[in-house]
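Working notes, structure below.
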Amino acid sequence: MKIVKVLRPLVATNRIPMMEHKHLQVVQDGRTEACAVDAVGAKPGDWVICVTSSAAREAAGSKGYPSDLTIVGIIDNWVAEEE
């Protein structure tokens, strides 16, 4: 699992059918930005827990879902370490 910060929503209306209408978020892991499937309704500024690999696909809805990063929890209280 990873702890990352949600930066902003990502809107992609032209998708493959298997992606359905799941929400996508741009998240930041250190200096790297990535796209995550949002399974919990996170908002920009939230610190969240993400899973990767097969756990991400299953958390997004099925083992066949095309995700390698899925938000599975919103952290109630988190203070990031300063770089």
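Looking at segment 1-50, which of its residues are polar (S, T, N, Q) and surrounded by 10 or more Cβ atoms within 10 Å (Cβ to Cβ)?
First, the residues of segment 1-50 that are polar (S, T, N, Q): 13-14, 25, 28, 32.
Correct list: Gln25, Gln28.
Suppose we filter segment 11-32 for residues that are under 16 Å from Ser67 (Cβ atoms) and either among the small types (Gly, Ala, Ser) or modelled with pLDDT of 95 or more (or both); how many remain?
Let us first name the residues in segment 11-32 that are under 16 Å from Ser67 (Cβ atoms), namely 12, 15-27, 29.
With either among the small types (Gly, Ala, Ser) or modelled with pLDDT of 95 or more (or both) added as a condition, the list becomes 12, 25-27.
Number of matching residues: 4.
Among the numbered criteria (1) over 15 Å from Met1 (Cβ atoms); (2) in contact with a strand residue (DSSP E or B) (Cβ under 7 Å, 6 or more places away or on another chain); (3) without any contact (Cβ under 8 Å) to a residue 24 or more places away in the chain; (4) of a type outside the set (A, V, I, L, M), which one does Lys22 miss?
The single condition Lys22 does not satisfy is (3).
The values are calculated or read from the model by the stated rules, or taken from the named source; none is laboratory data. Treat the numbers as computed from the prediction; the structure is a model and nothing was measured. As a convention, Cβ positions derive from the backbone with ideal geometry for all residues, glycine included, and neighbour counts pool all protein chains shown.
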